[in-house]
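The values are calculated or read from the model by the stated rules, or taken from the named source; none is laboratory data. Quick caveat, the model's predicted, so the values are computed rather than measured. Every residue, glycine among them, receives a Cβ derived from its backbone with ideal geometry; neighbour counts consider all protein chains shown. Each accessible area value is taken on the protein alone, full model and side chains, heavy atoms only, with ligands, DNA and RNA left out. Shrake-Rupley method; radii C 1.70, N 1.55, O 1.52, S 1.80 Å.
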Amino acid sequence: MAKTDVSRIGILTGGGDCPGLNAVIRAVAKTLMHEQGAEIVGFLDGYDGLVTDRTIPIEWETVSNILTQGGTILGTSNTANPFQWAEKQGDEIVTTDRSDQALAVLSKHRLDGLVVIGGDGSMTIAGELAKRGVSIVGVPKTIDNDVPGTERTFGFQSAVAVATDALDRLHTTASAHHRVMVAEVMGRYAGWLALHAGIAGGADVILIPEIPFDWNAVFEACLRRARKGKRFSIICVAEGARPEGGKMVVRRRVEGSPDPVRLGGIGRLVTGTIEQNTGIVSRATILGYVQRGGSPCPFDRVFATSLGYKAAQLVADGNWGRMASWQNGRLTDTGLEDVAGGSRTVPLDHPLLAVARSVGTSFGE
Ligand code: F6P
(Lines give C-alpha, C1' and ligand atoms only; values in the text may rest on other atoms or scores of the structure.)
Protein backbone atom coordinates (compact mmCIF):
# COMPACT_ATOMS: atom_id res chain seq x y z
CA MET A 1 0.00 0.00 0.00
CA ALA A 2 1.40 3.39 -1.00
CA LYS A 3 1.94 5.75 1.92
CA THR A 4 0.82 9.34 1.96
CA ASP A 5 0.89 11.56 5.03
CA VAL A 6 -2.68 10.60 5.91
CA SER A 7 -2.79 10.34 9.68
CA ARG A 8 -6.37 11.06 10.86
CA ILE A 9 -9.40 9.65 9.11
CA GLY A 10 -13.10 9.95 9.91
CA ILE A 11 -15.61 7.21 9.18
CA LEU A 12 -19.42 7.10 9.17
CA THR A 13 -22.25 4.77 8.18
CA GLY A 14 -25.30 6.37 6.51
CA GLY A 15 -28.69 5.19 5.23
CA GLY A 16 -30.61 2.05 6.22
CA ASP A 17 -28.52 -0.52 8.08
CA CYS A 18 -27.55 -3.82 6.48
CA PRO A 19 -25.38 -6.81 7.39
CA GLY A 20 -21.67 -6.13 6.81
CA LEU A 21 -21.41 -2.49 7.96
CA ASN A 22 -19.27 -3.49 10.94
CA ALA A 23 -17.13 -5.71 8.73
CA VAL A 24 -16.31 -2.66 6.56
CA ILE A 25 -15.63 -0.41 9.57
CA ARG A 26 -13.28 -3.09 10.91
CA ALA A 27 -11.46 -3.56 7.60
CA VAL A 28 -11.02 0.20 6.95
CA ALA A 29 -9.86 0.91 10.50
CA LYS A 30 -7.56 -2.09 10.89
CA THR A 31 -5.95 -1.60 7.47
CA LEU A 32 -5.31 2.11 8.03
CA MET A 33 -4.05 1.59 11.59
CA HIS A 34 -1.84 -1.30 10.55
CA GLU A 35 -0.48 0.05 7.27
CA GLN A 36 -0.45 3.79 7.98
CA GLY A 37 -0.44 4.09 11.75
CA ALA A 38 -3.51 6.29 11.25
CA GLU A 39 -5.90 7.47 13.96
CA ILE A 40 -9.59 6.83 13.25
CA VAL A 41 -12.53 8.92 14.40
CA GLY A 42 -16.06 7.50 14.13
CA PHE A 43 -19.03 9.83 13.54
CA LEU A 44 -22.22 8.67 15.24
CA ASP A 45 -25.52 8.20 13.40
CA GLY A 46 -24.26 8.97 9.91
CA TYR A 47 -24.32 12.55 8.64
CA ASP A 48 -26.23 13.51 11.80
CA GLY A 49 -23.06 13.08 13.87
CA LEU A 50 -21.03 14.97 11.27
CA VAL A 51 -23.25 18.05 11.56
CA THR A 52 -23.83 17.86 15.32
CA ASP A 53 -20.22 16.88 16.09
CA ARG A 54 -20.79 13.57 17.84
CA THR A 55 -17.79 11.26 17.58
CA ILE A 56 -16.03 8.31 19.19
CA PRO A 57 -12.36 7.37 18.92
CA ILE A 58 -11.88 4.07 17.12
CA GLU A 59 -9.11 1.94 18.56
CA TRP A 60 -7.99 -1.56 17.58
CA GLU A 61 -10.14 -2.92 20.43
CA THR A 62 -13.22 -0.99 19.21
CA VAL A 63 -13.21 -2.92 15.95
CA SER A 64 -12.14 -6.22 17.38
CA ASN A 65 -14.76 -8.98 17.31
CA ILE A 66 -17.32 -7.05 15.24
CA LEU A 67 -16.91 -8.86 11.90
CA THR A 68 -20.01 -10.98 12.39
CA GLN A 69 -22.22 -8.37 14.10
CA GLY A 70 -25.21 -6.97 12.21
CA GLY A 71 -26.18 -3.29 12.39
CA THR A 72 -23.41 -0.73 12.90
CA ILE A 73 -21.40 0.13 15.99
CA LEU A 74 -21.55 3.77 14.84
CA GLY A 75 -25.32 4.01 14.43
CA THR A 76 -26.87 5.39 11.26
CA SER A 77 -29.55 7.72 9.90
CA ASN A 78 -31.40 7.63 6.59
CA THR A 79 -32.80 11.13 7.03
CA ALA A 80 -29.80 13.32 7.95
CA ASN A 81 -28.45 15.41 5.05
CA PRO A 82 -26.05 18.33 5.73
CA PHE A 83 -27.24 20.08 2.55
CA GLN A 84 -30.94 19.76 3.46
CA TRP A 85 -30.96 19.64 7.24
CA ALA A 86 -34.55 19.01 8.32
CA GLU A 87 -35.87 20.37 11.62
CA LYS A 88 -39.36 20.56 13.03
CA GLN A 89 -40.53 24.12 13.65
CA GLY A 90 -44.05 23.96 15.05
CA ASP A 91 -46.05 21.73 12.71
CA GLU A 92 -43.71 22.35 9.82
CA ILE A 93 -40.46 20.71 8.74
CA VAL A 94 -37.98 23.38 7.70
CA THR A 95 -34.82 22.47 5.78
CA THR A 96 -31.59 24.49 5.86
CA ASP A 97 -28.09 24.04 4.42
CA ARG A 98 -25.76 22.97 7.26
CA SER A 99 -22.86 21.89 5.05
CA ASP A 100 -20.64 24.71 6.42
CA GLN A 101 -21.17 23.28 9.89
CA ALA A 102 -20.17 19.80 8.67
CA LEU A 103 -16.99 21.25 7.11
CA ALA A 104 -16.17 23.09 10.34
CA VAL A 105 -16.57 19.83 12.32
CA LEU A 106 -14.24 18.02 9.92
CA SER A 107 -11.54 20.68 10.28
CA LYS A 108 -12.01 20.85 14.08
CA HIS A 109 -11.09 17.15 14.21
CA ARG A 110 -8.07 17.81 11.91
CA LEU A 111 -9.15 15.01 9.60
CA ASP A 112 -7.19 14.23 6.44
CA GLY A 113 -10.17 12.48 4.95
CA LEU A 114 -13.54 10.83 5.47
CA VAL A 115 -14.79 7.34 4.58
CA VAL A 116 -18.56 7.18 4.00
CA ILE A 117 -20.21 3.76 4.01
CA GLY A 118 -23.69 4.10 2.57
CA GLY A 119 -26.18 3.69 -0.25
CA ASP A 120 -27.05 5.93 -3.19
CA GLY A 121 -28.34 8.75 -0.94
CA SER A 122 -25.18 8.77 1.19
CA MET A 123 -22.97 8.62 -1.93
CA THR A 124 -24.83 11.57 -3.46
CA ILE A 125 -24.15 13.61 -0.30
CA ALA A 126 -20.52 12.38 -0.31
CA GLY A 127 -20.22 13.64 -3.91
CA GLU A 128 -21.53 17.07 -2.86
CA LEU A 129 -19.06 17.21 0.06
CA ALA A 130 -16.26 16.25 -2.35
CA LYS A 131 -17.26 19.23 -4.54
CA ARG A 132 -16.88 21.40 -1.43
CA GLY A 133 -13.28 20.19 -1.10
CA VAL A 134 -13.68 17.33 1.38
CA SER A 135 -11.25 14.43 0.81
CA ILE A 136 -13.73 11.59 0.71
CA VAL A 137 -13.95 7.89 -0.20
CA GLY A 138 -17.20 5.89 -0.43
CA VAL A 139 -18.12 2.25 0.17
CA PRO A 140 -21.44 1.03 -1.33
CA LYS A 141 -23.87 -0.77 0.99
CA THR A 142 -27.53 -1.77 0.75
CA ILE A 143 -29.76 -4.81 0.63
CA ASP A 144 -31.31 -3.23 -2.49
CA ASN A 145 -28.15 -3.71 -4.64
CA ASP A 146 -29.09 -0.51 -6.47
CA VAL A 147 -26.01 1.72 -6.13
CA PRO A 148 -24.76 2.88 -9.55
CA GLY A 149 -21.09 2.31 -10.39
CA THR A 150 -20.89 -1.13 -8.77
CA GLU A 151 -22.39 -4.45 -9.80
CA ARG A 152 -22.70 -5.51 -6.16
CA THR A 153 -23.27 -3.96 -2.78
CA PHE A 154 -22.52 -5.73 0.48
CA GLY A 155 -25.62 -6.67 2.51
CA PHE A 156 -27.47 -7.84 -0.58
CA GLN A 157 -26.49 -11.52 -0.40
CA SER A 158 -27.42 -11.68 3.29
CA ALA A 159 -30.88 -10.28 2.48
CA VAL A 160 -31.25 -12.75 -0.41
CA ALA A 161 -30.48 -15.57 2.05
CA VAL A 162 -33.18 -14.37 4.49
CA ALA A 163 -35.79 -13.96 1.74
CA THR A 164 -34.91 -17.33 0.21
CA ASP A 165 -35.27 -19.04 3.58
CA ALA A 166 -38.69 -17.39 3.96
CA LEU A 167 -39.80 -18.64 0.52
CA ASP A 168 -38.65 -22.17 1.43
CA ARG A 169 -40.71 -22.00 4.62
CA LEU A 170 -43.76 -20.59 2.81
CA HIS A 171 -43.67 -23.60 0.46
CA THR A 172 -44.76 -25.94 3.24
CA THR A 173 -47.96 -24.03 4.13
CA ALA A 174 -48.65 -23.33 0.45
CA SER A 175 -48.47 -27.02 -0.34
CA ALA A 176 -50.30 -28.28 2.78
CA HIS A 177 -53.20 -25.79 2.44
CA HIS A 178 -53.25 -25.54 -1.37
CA ARG A 179 -52.84 -21.79 -1.27
CA VAL A 180 -51.19 -18.98 -3.14
CA MET A 181 -48.53 -17.62 -0.78
CA VAL A 182 -47.24 -14.14 -1.55
CA ALA A 183 -43.96 -12.88 -0.05
CA GLU A 184 -43.26 -9.15 -0.29
CA VAL A 185 -39.57 -8.30 -0.22
CA MET A 186 -37.80 -4.93 0.03
CA GLY A 187 -35.58 -3.39 -2.64
CA ARG A 188 -37.09 0.07 -3.18
CA TYR A 189 -37.25 0.93 -6.90
CA ALA A 190 -35.10 -2.05 -7.94
CA GLY A 191 -36.10 -5.70 -8.33
CA TRP A 192 -32.70 -7.30 -7.58
CA LEU A 193 -33.72 -8.77 -4.24
CA ALA A 194 -37.02 -10.20 -5.55
CA LEU A 195 -35.31 -11.55 -8.66
CA HIS A 196 -32.49 -13.33 -6.82
CA ALA A 197 -34.58 -14.60 -3.91
CA GLY A 198 -37.40 -15.57 -6.28
CA ILE A 199 -35.09 -17.70 -8.42
CA ALA A 200 -33.31 -19.17 -5.38
CA GLY A 201 -36.63 -19.95 -3.67
CA GLY A 202 -38.29 -21.38 -6.79
CA ALA A 203 -41.06 -18.75 -6.95
CA ASP A 204 -43.67 -19.42 -9.63
CA VAL A 205 -44.26 -15.70 -10.14
CA ILE A 206 -41.74 -12.88 -9.57
CA LEU A 207 -42.99 -9.29 -9.74
CA ILE A 208 -40.42 -6.50 -10.02
CA PRO A 209 -40.66 -2.72 -10.52
CA GLU A 210 -38.86 -2.89 -13.86
CA ILE A 211 -41.64 -5.03 -15.41
CA PRO A 212 -45.09 -3.58 -14.62
CA PHE A 213 -47.34 -6.65 -14.45
CA ASP A 214 -50.60 -7.61 -16.12
CA TRP A 215 -53.13 -8.84 -13.53
CA ASN A 216 -54.56 -11.43 -15.94
CA ALA A 217 -51.11 -12.91 -16.54
CA VAL A 218 -50.63 -13.32 -12.78
CA PHE A 219 -54.05 -14.98 -12.35
CA GLU A 220 -53.35 -17.23 -15.33
CA ALA A 221 -49.96 -18.30 -13.91
CA CYS A 222 -51.71 -19.54 -10.73
CA LEU A 223 -54.65 -21.12 -12.58
CA ARG A 224 -52.34 -22.85 -15.09
CA ARG A 225 -50.52 -24.52 -12.22
CA ALA A 226 -53.85 -25.58 -10.70
CA ARG A 227 -54.92 -27.11 -14.02
CA LYS A 228 -51.67 -29.11 -14.07
CA GLY A 229 -52.48 -30.48 -10.63
CA LYS A 230 -50.14 -28.12 -8.76
CA ARG A 231 -52.47 -26.92 -6.06
CA PHE A 232 -50.30 -24.10 -4.77
CA SER A 233 -48.24 -21.19 -6.06
CA ILE A 234 -45.47 -19.05 -4.58
CA ILE A 235 -45.22 -15.40 -5.54
CA CYS A 236 -42.24 -13.20 -4.71
CA VAL A 237 -43.18 -9.55 -5.12
CA ALA A 238 -40.82 -6.58 -4.80
CA GLU A 239 -42.17 -3.71 -2.71
CA GLY A 240 -41.74 -1.46 -5.77
CA ALA A 241 -43.71 -3.70 -8.16
CA ARG A 242 -46.84 -2.23 -9.73
CA PRO A 243 -49.53 -3.29 -12.19
CA GLU A 244 -49.48 -1.91 -15.73
CA GLY A 245 -50.98 1.57 -15.62
CA GLY A 246 -50.91 1.50 -11.79
CA LYS A 247 -48.77 3.17 -9.16
CA MET A 248 -46.29 1.84 -6.59
CA VAL A 249 -47.92 1.27 -3.19
CA VAL A 250 -46.63 3.79 -0.63
CA ARG A 251 -46.57 2.66 3.02
CA ARG A 252 -45.65 6.04 4.51
CA ARG A 253 -43.84 9.29 3.87
CA VAL A 254 -40.90 10.38 6.01
CA GLU A 255 -40.83 14.16 5.49
CA GLY A 256 -37.36 15.69 5.64
CA SER A 257 -35.77 12.48 4.37
CA PRO A 258 -33.77 12.78 1.08
CA ASP A 259 -36.36 10.42 -0.48
CA PRO A 260 -39.50 10.67 1.71
CA VAL A 261 -41.29 7.72 0.05
CA ARG A 262 -41.36 4.40 1.92
CA LEU A 263 -42.85 1.61 -0.17
CA GLY A 264 -44.89 -1.34 1.07
CA GLY A 265 -48.29 -2.97 0.77
CA ILE A 266 -48.24 -4.37 -2.78
CA GLY A 267 -48.07 -7.91 -1.30
CA ARG A 268 -51.51 -7.57 0.30
CA LEU A 269 -52.97 -6.01 -2.85
CA VAL A 270 -51.65 -8.89 -4.98
CA THR A 271 -52.95 -11.46 -2.49
CA GLY A 272 -56.48 -10.01 -2.26
CA THR A 273 -56.79 -9.48 -6.01
CA ILE A 274 -55.68 -13.04 -6.79
CA GLU A 275 -58.11 -14.53 -4.27
CA GLN A 276 -61.01 -12.47 -5.64
CA ASN A 277 -60.28 -13.27 -9.26
CA THR A 278 -59.19 -16.92 -9.10
CA GLY A 279 -61.01 -18.23 -6.04
CA ILE A 280 -57.74 -19.72 -4.76
CA VAL A 281 -57.19 -19.06 -1.05
CA SER A 282 -54.23 -16.66 -0.78
CA ARG A 283 -52.11 -15.25 2.03
CA ALA A 284 -49.51 -12.48 2.23
CA THR A 285 -46.26 -12.31 4.21
CA ILE A 286 -44.35 -9.03 4.35
CA LEU A 287 -40.76 -9.81 5.23
CA GLY A 288 -39.80 -6.25 6.21
CA TYR A 289 -36.79 -5.45 8.35
CA VAL A 290 -35.75 -9.05 9.06
CA GLN A 291 -34.13 -8.82 5.61
CA ARG A 292 -31.73 -6.16 6.94
CA GLY A 293 -31.05 -7.78 10.27
CA GLY A 294 -28.64 -10.25 11.77
CA SER A 295 -25.19 -11.46 10.95
CA PRO A 296 -23.74 -11.06 7.43
CA CYS A 297 -23.59 -14.27 5.39
CA PRO A 298 -20.06 -15.57 4.60
CA PHE A 299 -20.09 -13.95 1.14
CA ASP A 300 -20.88 -10.53 2.64
CA ARG A 301 -18.18 -10.93 5.31
CA VAL A 302 -15.59 -11.52 2.60
CA PHE A 303 -16.99 -8.85 0.25
CA ALA A 304 -17.39 -6.19 2.95
CA THR A 305 -13.84 -6.84 4.17
CA SER A 306 -12.55 -6.57 0.60
CA LEU A 307 -14.40 -3.29 -0.03
CA GLY A 308 -13.12 -1.93 3.29
CA TYR A 309 -9.56 -2.86 2.31
CA LYS A 310 -10.04 -1.21 -1.10
CA ALA A 311 -11.38 1.97 0.53
CA ALA A 312 -8.36 2.08 2.87
CA GLN A 313 -6.10 1.69 -0.15
CA LEU A 314 -7.80 4.64 -1.88
CA VAL A 315 -7.31 6.70 1.29
CA ALA A 316 -3.65 5.72 1.62
CA ASP A 317 -3.06 6.58 -2.04
CA GLY A 318 -4.78 9.93 -1.61
CA ASN A 319 -7.19 8.83 -4.34
CA TRP A 320 -10.10 10.98 -3.15
CA GLY A 321 -13.58 11.40 -4.62
CA ARG A 322 -13.80 7.67 -5.43
CA MET A 323 -16.07 4.81 -4.32
CA ALA A 324 -14.73 1.27 -3.83
CA SER A 325 -16.69 -0.96 -6.21
CA TRP A 326 -17.02 -4.30 -7.95
CA GLN A 327 -17.04 -4.36 -11.74
CA ASN A 328 -16.36 -7.04 -14.35
CA GLY A 329 -15.44 -9.59 -11.70
CA ARG A 330 -12.89 -7.49 -9.85
CA LEU A 331 -12.47 -5.03 -7.04
CA THR A 332 -12.00 -1.53 -8.42
CA ASP A 333 -13.19 2.03 -7.85
CA THR A 334 -15.40 4.57 -9.55
CA GLY A 335 -15.84 8.35 -9.39
CA LEU A 336 -18.40 9.62 -6.86
CA GLU A 337 -19.66 11.97 -9.57
CA ASP A 338 -20.79 8.90 -11.58
CA VAL A 339 -22.70 7.46 -8.61
CA ALA A 340 -24.63 10.54 -7.51
CA GLY A 341 -28.36 10.80 -7.92
CA GLY A 342 -28.96 7.49 -9.65
CA SER A 343 -30.44 4.11 -8.89
CA ARG A 344 -29.27 0.91 -10.61
CA THR A 345 -32.30 -1.11 -11.63
CA VAL A 346 -32.57 -4.52 -13.36
CA PRO A 347 -32.00 -4.04 -17.11
CA LEU A 348 -34.71 -5.66 -19.22
CA ASP A 349 -32.09 -7.76 -21.03
CA HIS A 350 -30.51 -9.04 -17.81
CA PRO A 351 -29.54 -12.73 -18.24
CA LEU A 352 -31.30 -13.76 -15.00
CA LEU A 353 -34.67 -12.79 -16.49
CA ALA A 354 -34.11 -15.35 -19.25
CA VAL A 355 -32.90 -17.90 -16.70
CA ALA A 356 -36.10 -17.51 -14.66
CA ARG A 357 -38.37 -17.60 -17.72
CA SER A 358 -36.63 -20.78 -18.93
CA VAL A 359 -37.73 -22.66 -15.81
CA GLY A 360 -41.32 -21.47 -16.21
CA THR A 361 -41.31 -18.48 -13.85
CA SER A 362 -43.78 -15.76 -14.78
CA PHE A 363 -43.03 -12.05 -14.47
CA GLY A 364 -46.71 -11.30 -14.94
CA GLU A 365 -46.26 -10.32 -18.61
O1 F6P B 1 -32.73 0.85 1.34
C2 F6P B 1 -32.95 -0.18 2.26
C3 F6P B 1 -34.41 -0.28 2.58
O4 F6P B 1 -34.60 -1.35 3.50
C5 F6P B 1 -35.34 -0.46 1.38
O6 F6P B 1 -35.33 -1.77 0.88
C7 F6P B 1 -36.64 0.00 1.97
O8 F6P B 1 -37.51 0.45 0.95
C9 F6P B 1 -36.23 1.13 2.88
O10 F6P B 1 -34.87 0.92 3.20
C11 F6P B 1 -37.02 1.25 4.14
O12 F6P B 1 -36.64 2.43 4.81
P13 F6P B 1 -36.97 2.72 6.35
O14 F6P B 1 -35.90 2.03 7.16
O15 F6P B 1 -36.88 4.21 6.46
O16 F6P B 1 -38.34 2.20 6.63
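Most fluctuating residue of Thr273, Thr72, Thr164 in a GNM of the chain with Cα springs under 10 Å: which is it?
The residue with the greatest mean-square fluctuation here is Thr273.
Ranked highest first by average number of other Cβ atoms within 10 Å, how do 9-16, 244-251 line up?
Highest-to-lowest ranking by the protection proxy: 9-16, 244-251.
Counting Lys and Arg as +1 and Asp and Glu as -1, each charge on the Cβ, what is the dipole of the chain about the Cα centre in debye, to the nearest 20?
Here the size comes out at about 1160 debye.
Convex hull over the alpha-carbon atoms of region 144-184: what's its volume per residue in Å³?
Value for region 144-184: 65 Å³ per residue.
Under a GNM of the chain (C-alpha, springs under 10 Å), which listed residue has the highest mean-square fluctuation: Ala23, Ala217, Ala194?
Among Ala23, Ala217, Ala194, the largest mean-square fluctuation in the Gaussian network model of the chain belongs to Ala217.
Express the carbon and sulfur contribution to the solvent-accessible surface of the chain as a percent, rounded to the nearest whole number, probe 1.4 angstrom.
Carbon plus sulfur share of accessible area: 49 percent.
Taking the Kirkwood radius as the inverse of the mean 1/r across Cα pairs, report the Rg/Rh of region 159-292.
0.97
Top mean-square fluctuation among Phe213, Phe43, Phe154, Gaussian network model of the chain, C-alpha springs under 10 Å?
Phe213
Once amide H atoms are placed 1.01 Å from N in the peptide plane, what residues at a sequence separation of 5 or more from Ser325, or on another chain, have their amide H within under 5 Å of its amide H?
Under 5 Å from the amide H of Ser325 lie the amide H atoms of Thr332, Asp333, Thr334, each far enough along the sequence or on another chain.
Based on alpha-carbon atoms only, what is the radius of gyration of the chain relative to the globular estimate 2.2 N^0.38 Å?
Cα-based Rg divided by the globular estimate yields 1.06.
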